[in-house]
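Undergrad: Below is one structure. I have some questions about it.
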Amino acid sequence: MNNQPELVLLKNRRPDRPATIEEYRAGGGYAALAATLGKRSPQEVCQLVLDSGLRGRGGAGFPAGRKWAGVKEDAEFPRYLIPNTDEMEPGTFKDRVLVNADPHLVIEGIILSAYAVSAGKGIFFIRPSYEMDAELIERELEVARDAGFLGGNILGSGFSFDLEVHRSAGRYICGEASAQVNAIMGKRAHPNKEVHMAHQGLWGKPTIVNNVETLSCVPGILRQGPEWFKGLARTESGAGTKLYCVSGRVCKPDVFEMPIGTRLSEILDLAGGMCPGAEFKAVLPGGASTEFMPKKFYDVEMDFEPLKAVGHRLGTGAIIVFDKNTCLVGATLNLIEYFARESCGFCTPCREGLPYIRDLLWRIEIGEGKEEYIPLLREMARHMDRSYCAFAPGAAAPVLGLLNYFEEEIREHLSQKKCPYKGLGIEFRDSLIPMEKTESTAPENS
Ligand SMILES: Cc1cc2nc3c(=O)[nH]c(=O)nc-3n(C[C@H](O)[C@H](O)[C@H](O)COP(=O)(O)O)c2cc1C
Ligand code: SF4
């Protein structure tokens, strides 16, 4: 276990521009590539990543080496790797900072990971509002190609791989791995749980989708070994560092690279603490798809297992901070409006349930709530578990957090017949769409 933060992913971060390939190489960049391609077998690379304990940073925390091992040695070719930079989870902006800090770390991580599963082609999937970042990656891919790190027979190793950038059409569900594959193939971007992606992903061929932060951990693991990577963590069960992005009512919202398992309180200190005059009320610990955590969790270790042990999730590590004057009914309503709009409409609990939850929250927020809405909200939020993909349970998480820890705040709305926070802090009412103007998210052809 380590208490001294060692920067692995953001060590080349500069205030004004991305690190160049020369700067990346000066710190040992691309050394792992030269020492790996054609010198270690893909299976060895897989094993090292498995031994390192690296877990996916895209939200679910699935072990990267285990995912890769799903592509069997005799699996079909071509094989694909999709670095996921969709990042449409509200509050999450770590991947953008990473890509801008050190594009060649990201590129080297992608090439090494592609080697581990013998993928010949990569598709860098990025949200359309990240156009500048897409252009940056395209430019730096050209630089990497000129240096001989991409293309045919890389560094004379016999391994060939190239990467292209694919701009998403811009829906949150396109971040979900199987929906992403559908989107790239030009199909309607809804999830597909019927295929095992390691066997039949993109164009029916073996495909691995990984978050770019996950992939960017790989060069370090191969250069310095799995034990070094494990030792970076502050928890026994954790491995590596984590990009925590902090937003909301703090003085210095930013992305902070810290050992995984750093306590929430320490991360909030790095973010400059609460804004002047603001008092801590709650956080969403891992993006909008996680539950509110009140003050009693202020010192929790921000890692997968410690959070799971207290009934919470690390998610993307995006910490959104709320203060005492912010209405959590309004904040939850704000999130649910987003989720209801972004539902792909494929399955009923999500398509119909999220607008229903939104309506209940809206009535409570404007002072027209009723006591019976509280159990109804809980029932509807739990009903989201019956949906087809992880989107709807994620959308329900802040609602459950609100009910589990801040039911009293809902009751204050009921008893006062208005939002008790009006005029005190951040208000969400102005953004509310009058109910009669909302539209069903049901797709026309279903
Ligand atoms: C609605 C939804 C949106 C998602 N968006 C993203 C995303 O933007 N980026 C990402 O890496 N993973 C996202 N995921 C998770 C992916 O499905 C997948 O688990 C992840 O990309 C795998 O990478 P990892 O194992 O490296 O974490 C999303 C999942 C869901 C259900
Ligand atoms: S849960 Fe929502 S996003 Fe997922 S398949 Fe169903 S409708 Fe689509």
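The values are calculated or read from the model by the stated rules, or taken from the named source; none is laboratory data. If you're wondering where the values come from, they're calculated on a predicted model, not measured in any experiment. Cβ sites come from the backbone with ideal geometry, for glycine too, and all protein chains shown count toward neighbours. Just so you know, the surface numbers come from the protein's heavy atoms only, side chains and all, with ligands and any DNA or RNA stripped out. Shrake-Rupley method; radii C 1.70, N 1.55, O 1.52, S 1.80 Å.
Undergrad: Placing +1 on the Cβ of each Lys and Arg and -1 on the Cβ of each Asp and Glu in the chain, which of Pro259, Leu10, Asn192 has its Cα farthest towards the positive end of the resulting dipole?
TA: Farthest towards the positive end: Asn192.
Undergrad: Out of residues 5 or more away from Ile208 or on other chains, whose amide H comes under 5 Å of its own, with H placed 1.01 Å from N in the peptide plane?
TA: HN-HN under 5 Å from Ile208: Tyr80, Leu81, Ile82.
Undergrad: Whose amide H sits under 5 Å from the amide H of Asp254, counting only residues 5 or more places off or on another chain, with H placed in the peptide plane?
TA: Val246
Undergrad: Find the accessible area per residue for the stretch 67-139; the probe is 1.4 Å, ligands and nucleic acids are left out, and the unit is Å². If you can, show how the numbers build up before the last one.
TA: Numbers: 2240 Å² over 73 residues.
Per-residue accessible area for the stretch 67-139 comes out at 31 Å².
Undergrad: Could you go through the stretch 157-169 in sequence order and give the Karplus-derived ³J(HN,Hα) for each residue, using 6.51 cos²θ - 1.76 cosθ + 1.60 with θ = phi - 60°, rounded to whole Hz, and x for Gly and Pro?
TA: Going residue by residue, I get 7, x, 8, 10, 7, 9, 10, 10, 9, 10, 7, 5, 6 Hz, with x marking Gly and Pro.
Undergrad: Just the accessible area per residue of the stretch 235-323, please: how many Å² with a 1.4 Å probe?
TA: Details: 2840 Å² over 89 residues.
Accessible area per residue: 32 Å².
Undergrad: For the stretch 21-230, what is the charge dipole size about the Cα centre, in debye to the nearest 20, if Lys and Arg each add +1 at the Cβ and Asp and Glu each add -1 at the Cβ?
TA: It comes to approximately 600 debye.
Undergrad: Next up: Compute the separation of the alpha-carbon centres of the stretch 163-193 and the stretch 227-303 and state it in Å as a whole number.
TA: Here the two parts' Cα centres lie 30 Å apart.
Undergrad: At 222 nm, what value in deg cm²/dmol follows for the chain if DSSP H runs of at least 4 each add -39500 (n - 2.57) and the sum is divided by all its residues, to the nearest 500? If you can, show how the numbers build up before the last one.
TA: Working: 19 runs with 179 residues, N = 446.
Result for the chain: -11500 deg cm²/dmol, rounded to the nearest 500.
Undergrad: To test your reading of the geometry: what angle, between 0 and 90 degrees and rounded to tens, separates the Cα axis of helix 391-405 from the longest principal axis of the chain?
TA: 50 degrees
Undergrad: If you don't mind, another one. With a cut-off of 8 Å between alpha carbons and a minimum separation of six or more residues, what is the relative contact order of the chain in percent?
TA: Normalised by residue count, the contact order of the chain is 16 percent.
Undergrad: Can you tell me which of Gly425, Gly273, Gly220 moves the most in a GNM of the chain? Springs connect C-alpha atoms under 10 Å apart.
TA: Gly425
Undergrad: If you don't mind, another one. Pulled fully out, how much extra length does the chain show between Glu138 and Cys251, if you take 0.36 nm times their separation in residues and subtract their Cα-Cα distance?
TA: Numbers: separation 113, 0.36 × 113 = 40.68 nm, distance 3.41 nm.
Value of the extension gain: 37.3 nm.
Undergrad: 5 Å is the cut-off here: which amide hydrogens, built 1.01 Å from N in the peptide plane, fall below it relative to Thr262, excluding neighbours closer than 5 in sequence?
TA: Arg234, Met302
Undergrad: Next question. Which whole-number percent gives the relative contact order of the stretch 243-319, counting Cα pairs below 8 Å spaced six or more residues apart? Display every interim value, and only then the final one.
TA: Numbers: 137 pairs, mean separation 26.2, N = 77.
Across the stretch 243-319, relative contact order equals 34 percent.
Undergrad: A follow-up question, please. What's the carbon and sulfur percent of the chain's accessible surface, probe 1.4 angstrom, rounded to a whole number?
TA: Looking at the chain in its full context, I get 50 percent from C and S.
Undergrad: Still on this structure: Measure nothing but the geometry: give the 0 to 90° angle between the long axis through the Cα atoms of 103-116 and the longest principal axis through the Cα atoms of the chain, rounded to 10°.
TA: Tilt of helix 103-116: around 70 degrees.
Undergrad: Below 25 Å, Cα to Cα, which lysines can Lys417 reach? Residues fewer than 8 away in the same chain don't count.
TA: Lys281, Lys324, Lys370, Lys437
Undergrad: Additional query: To the nearest 10 degrees, how steeply does helix 131-146 sit against the main Cα axis of the chain, on a 0 to 90 scale?
TA: Value to nearest ten degrees: 10.
Undergrad: Got a sec? What order do Ile110, Ile320 fall in by accessible area at 1.4 Å, biggest, i.e. largest, first?
TA: Working: Ile110 0, Ile320 25 Å².
The most accessible residue leads, giving Ile320, Ile110.
Undergrad: I would also like to ask the following. So what are the three principal axis dimensions of the stretch 21-230 from its Cα atoms, in whole Å, longest to shortest?
TA: Principal-axis extents of the Cα atoms in the stretch 21-230, largest first: 41, 38, 34 Å.
Undergrad: Comparing Ile336, Ile319, Ile374, which has the greatest mean-square fluctuation in the GNM of the chain with Cα pairs linked when under 10 Å apart?
TA: Its mean-square fluctuation being the largest, the pick is Ile374.
Undergrad: If you don't mind, another one. When DSSP assigns beta bridges and you keep just the ones with both residues in the stretch 235-323, what percent turn out antiparallel, to the nearest 5? The partial results should precede the final answer.
TA: Values: 14 of 19 bridges.
Just about 75 percent of them are antiparallel.
Undergrad: So for the stretch 124-283, taking the charge dipole from beta-carbon charges (+1 Lys/Arg, -1 Asp/Glu), which of Met274, Ser178, Thr235 sits furthest toward the positive end?
TA: Ser178
Undergrad: Identify the GluC sites (Glu not before Pro) of the stretch 263-356 meeting these criteria: DSSP loop state and at most 11 other C-beta atoms within 10 Å of the C-beta. Intermediate values should be presented prior to the final figure.
TA: On the way: sites: Glu266, Glu279, Glu291, Glu301, Glu337, Glu342, Glu352; in loops: Glu279, Glu291.
For GluC sites (Glu not before Pro) across the stretch 263-356 that sit outside H, G, I, E and B with at most 11 neighbouring Cβ atoms in 10 Å, the list reads Glu279.
Undergrad: In whole Å, how far is the Cα centre of the stretch 38-98 from that of the stretch 353-422?
TA: A separation of 36 Å, based on Cα centres.
Undergrad: If I model a spin label as a point 7 Å beyond the Cα along the Cα-Cβ vector, how far apart are those points for Ser160 and Leu7 in nm?
TA: 3.9 nm
Undergrad: Based on DSSP, what percent of beta bridges with both residues in the chain are antiparallel, to the nearest 5? Kindly include the intermediate steps, with their values, before the conclusion.
TA: On the way: 16 of 36 bridges.
Once the DSSP bridges in the chain are tallied, antiparallel ones form about 45 percent.
Undergrad: Then there's this: Gaussian network model of the chain, Cα springs within a sub-10 Å range: biggest mean-square fluctuation belongs to which of Leu105, Leu136, Leu215?
TA: Leu136
Undergrad: Here is a follow-up. Hey, can you find the accessible area per residue of the stretch 328-437 for me, probe 1.4 Å, expressed in square angstrom? Could the numbers behind the result be given before it?
TA: Details: 4970 Å² over 110 residues.
The answer is 45 Å² per residue.
Undergrad: What are the ³J(HN,Hα) couplings of the stretch 361-374, residue after residue, when phi is run through the Karplus curve with 6.51, -1.76, 1.60 and θ = phi - 60°? Round to Hz, x for glycine and proline.
TA: Listing the rounded values in order: 5, 4, 5, 4, 5, 8, x, 10, x, 10, 3, 5, 5, 5 Hz.
Undergrad: Largest first and in whole Å, what are the equivalent-ellipsoid semi-axes of the chain based on the Cα gyration tensor, each being the root of 5 times an eigenvalue? Mind dumping the intermediate values first?
TA: Working: eigenvalues 305, 124, 67 Å².
The answer is 39, 25, 18 Å, longest axis first.
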